[in-house]
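Note sheet for the following structure.
The values are calculated or read from the model by the stated rules, or taken from the named source; none is laboratory data. This structure is a prediction, so every number in the text was calculated from the model and none was measured. All accessible areas refer to the heavy atoms of the entire protein, side chains included, with ligands and DNA or RNA removed. Shrake-Rupley method; radii C 1.70, N 1.55, O 1.52, S 1.80 Å.
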Amino acid sequence: MITLLRVAHVSRFPNRRSFGKDLQLIVVYGAVILAFLEGRTPTIASIARYLQLPHETTRRYLTTIVDLGLLTKNGRGYKPTERSRKGMTGADKIERLLRQAASNLYL
């Protein structure tokens with residue numbers, strides 16, 4: 001799973017950003033993408049609840065992700081930008097692998 005997160009980091013965030021410092025940022029971004037792929041409208045409240053993060057922390061991460069050009073604010077919700085959508089073609093396969101890995105962890 002760490003390797004998948006590193007790959008997401010390299011492909012989505014500027015080269016000089018630290019993977020370790022961006023780890024929660026990547027997780028928040030991933031939660032938004034998952035909600036979007038599932039047909040839900042990701043909001044600050046829904047992402048904060050899902051990840052069990054404080055509302056203000058989630059808001060700051062989402063603001064940073066918007067500033068990086070990966071998400072756009074759509075009313076109270078967020079949606080991926082064209083840049084993000086380009087990488088979604090293999091998202092179902094990645095989601096399947098993550099779910100499989102998670103189920104193996106909780107046997």
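Report the extension gain between ASN74 and LEU4 in nm, rounded to one decimal, defined as 0.36 nm multiplied by the number of residues separating them, less their alpha carbon distance.
Full extension of this stretch gives 22.4 nm more.
What ³J(HN,Hα) values, in whole Hz, does the Karplus curve 6.51 cos²θ - 1.76 cosθ + 1.60 give for region 17-32 when θ = phi - 60°, with x put for Gly and Pro?
Values, residue by residue: 7, 7, 4, x, 5, 8, 4, 5, 4, 5, 5, 5, 4, x, 5, 5 Hz.
On a 1.4 Å probe surface of the protein chains, which of ARG16, ARG40 comes out largest in accessible area, and what is the full order?
So the residues, ranked largest to smallest area, are ARG16, ARG40.
Skipping prolines and chain starts, which residues have an amide H placed within reach, meaning under 5 Å, of the one on THR81, given they are 5 or more residues away or on another chain?
Those lying under 5 Å, H to H, from THR81 are LEU71, THR72.
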